[in-house]
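Visitor: To start, I am sharing the structure in question, which I have written as structure tokens.
The values are calculated or read from the model by the stated rules, or taken from the named source; none is laboratory data. Note that this is a predicted model, so its numbers are computed, not measured. With ideal geometry, Cβ positions are generated from the backbone for all residues, glycine too; neighbour counts draw on all protein chains shown. These area figures cover heavy atoms from the full protein model, side chains too; ligands, DNA and RNA do not enter into them. Shrake-Rupley method; radii C 1.70, N 1.55, O 1.52, S 1.80 Å.
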Amino acid sequence: MRQARLFTKTVKELPKDETSYNAQVLIRAGFIDKTAAGVYAYLPLGLKVLNKICHIIREEMNQVGGQEILLPALTPKEAWVTTKRWDNFDALFKLTGLENKEYALGATHEEIVTPLAKKFIFSYRELPLAVYQIQTKFRNEKRAKAGLIRGREFSMKDLYSFHASQEDLDVYYEKVKAAYFKIYERLGLSAETYLTYSSGGAFSKYSHEFQTLTAAGEDHIFICEKCRVAVNREIINDLKACPECGNKKLREEKAVEVGNIFKLGTRFSEPFKLKYRAENGEEKPVIMASYGIGPSRVLGTIVELFHDEKGIIWPESVAPFKVHLLSINENEAAEKIYQTLIGEGIEVLYDDREVSAGEKFADADLIGCPIRLIVSAKTLAAASVELKRRAAKTGELIKIENLVVTLK
Ligand code: ATP
Ligand code: MG
């Protein structure tokens, strides 16, 4: 991508009501734009990152047998009345259409996926099954002050699994839990992310959250260093100890819930009468679980974790571009290098703008691609480019002939 042609420019003026670091820096660097409180537009750089996060999640969901679907965002009131959540779901956006027909904007999709599954699940032979989607969700959140961490419109991956027995669900639940660990590892978040025990509802003692430590977090968790797990504030009052080893010396930290897995049991299959015929001919309710991750919240969390005073420092797996190539008055040589790199399939943002070197350096640091390459008269005199990692203090000269091998 040629930066002179990029839709966005770095922005100096921030919206006055934007107080969160992640949204501020993402707006300044041109990744997102703020449309309203809790509502953001994804611009070319931001959408690239969001898509990379979604791609990682998608691969791991496919790996555990999840089949991708896409459910509607406009959902009929009746489904929410059936589960008694029309009046009880916090922050449901409600609207009225023609002939006074009422809808909710999808805040989660148990109400839609359960009656859908009823059209295809009849016997034990069809089970287990798992479907997921990555979709925009809507919640009329009271506090929308944390940027992408708490949107009123946000992206969610929601997986739903359907089982013939609790035992079968328990096995699958552990498989998805392992897939979640893999996802956070690939996103570069594993060092800061803790499996966190949370309240489980009527069908299991606990549910599990995945909580990433950051001062920007709105949750408080209590960490057991020995087991590398945590307990959510909701249940610490009853528990006062690590649920795995009984350790009472827990460390309190602020964190963001980046994912959540939950055994639903028959909470939704009962009201929708989602049943299957067992091998012995008996009719039984289907046992369900749901598994959420917020890709847009993950994006905001990554920015909160990986930055310095100059800007963002993207983990390579989700960076908008691997390489930011800066031409310092050497467009001819830089153009050749640009062509070589993209020919090799390397993702490059090429700063070919007519602006000062200082502005190019500042913007490269703000945007935060993992590798910065400088082409200048000085580097060319040594038949080289300067390569500096965004996280490093200093760079090194690399011979142009060795550049592709070095980058790969
Ligand atoms: P929170 O307690 O932070 O409001 P939640 O318990 O309501 O989260 P879930 O309903 O389990 O969250 O949603 C699944 C996932 O969707 C969460 O783990 C989180 O990653 C993401 N998510 C939930 N609400 C938001 C939001 N307002 N903005 C961005 N992401 C969200
Ligand atoms: Mg919530």
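Visitor: Any residue that is touching a helix residue (DSSP H, G or I) at 6+ places or on another chain (Cβ under 9 Å), in a strand (DSSP E or B) and aliphatic (A, V, I, L, M) - is there at least one of those in the range 167-188?
Guide: No: the range 167-188 contains no residue that is touching a helix residue (DSSP H, G or I) at 6+ places or on another chain (Cβ under 9 Å), in a strand (DSSP E or B) and aliphatic (A, V, I, L, M).
Visitor: Considering each of 253, 270 in turn, give the residue that is within 16 Å of ligand 1 (Cβ to nearest atom), in contact with a strand residue (DSSP E or B) (Cβ under 7 Å, 6 or more places away or on another chain), open to solvent by 50 Å² or more (accessible area, probe 1.4 Å) and not in a helix (DSSP H, G or I). Outline the logic, then answer.
Guide: Numbers: 270 fails: within 16 Å of ligand 1 (Cβ to nearest atom).
Answer to the selection: 253.
Visitor: Return the residue satisfying two criteria in turn: it lies in the range 126-152 and is in contact with an Asp or Glu (Cβ under 7 Å, 6 or more places away or on another chain) and part of a loop (DSSP other than H, G, I, E, B), and of such residues it is farthest from ligand 2 (Cβ to nearest atom).
Guide: 128
Visitor: Which residue is nearest to ligand 2 (Cβ to nearest atom), if the candidates are limited to the range 72-120 and must be free of Cβ contacts under 8 Å to residues at least 12 places away in the same chain and among the β-branched types (Val, Ile, Thr)?
Guide: Once the filter is applied, the top-ranked residue is 81.
Visitor: Against the definition (in contact (Cβ under 8 Å) with a residue 24 or more places away in the chain and farther than 26 Å from residue 20 by Cα), how does residue 184 come out, yes or no?
Guide: On the way: in contact (Cβ under 8 Å) with a residue 24 or more places away in the chain: yes; farther than 26 Å from residue 20 by Cα: no.
When the stated conditions are applied, residue 184 does not pass them.
Visitor: Answer yes or no as to whether residue 290 is surrounded by fewer than 23 Cβ atoms within 10 Å (Cβ to Cβ), within 16 Å of ligand 2 (Cβ to nearest atom) and either over 26 Å from residue 362 (Cβ atoms) or over 31 Å from the mean Cα position of the chain (by Cα) (or both).
Guide: In short, yes.
Visitor: Which residue out of 51, 62, 88 is assigned to a loop (DSSP other than H, G, I, E, B), open to solvent by 20 Å² or more (accessible area, probe 1.4 Å) and not small (Gly, Ala, Ser)?
Guide: Values: 51 fails: assigned to a loop (DSSP other than H, G, I, E, B); 62 fails: assigned to a loop (DSSP other than H, G, I, E, B).
Among 51, 62, 88, only 88 is assigned to a loop (DSSP other than H, G, I, E, B), open to solvent by 20 Å² or more (accessible area, probe 1.4 Å) and not small (Gly, Ala, Ser).
Visitor: On the given criteria, is residue 68 of a type in the set (Asp, Glu) and within 16 Å of ligand 2 (Cβ to nearest atom)? Don't jump to the end; show me each part of the working.
Guide: Values: of a type in the set (Asp, Glu): yes; within 16 Å of ligand 2 (Cβ to nearest atom): no.
So residue 68 fails the test.
Visitor: Continuing with this model, one more query. In the set 155, 161, 123, which member is modelled with pLDDT of 95 or more, over 29 Å from residue 219 (Cα atoms), more than 13 Å from ligand 2 (Cβ to nearest atom) and polar (S, T, N, Q)? Break it down stepwise before answering.
Guide: Values: 155 fails: over 29 Å from residue 219 (Cα atoms); 161 fails: over 29 Å from residue 219 (Cα atoms).
Going through 155, 161, 123 in turn, the sole match is 123.
Visitor: Is there a residue being on the phi < 0 side of the Ramachandran plot, in contact (Cβ under 8 Å) with a residue 60 or more places away in the chain and in contact with an Asp or Glu (Cβ under 7 Å, 6 or more places away or on another chain) anywhere in the range 327-341?
Guide: no
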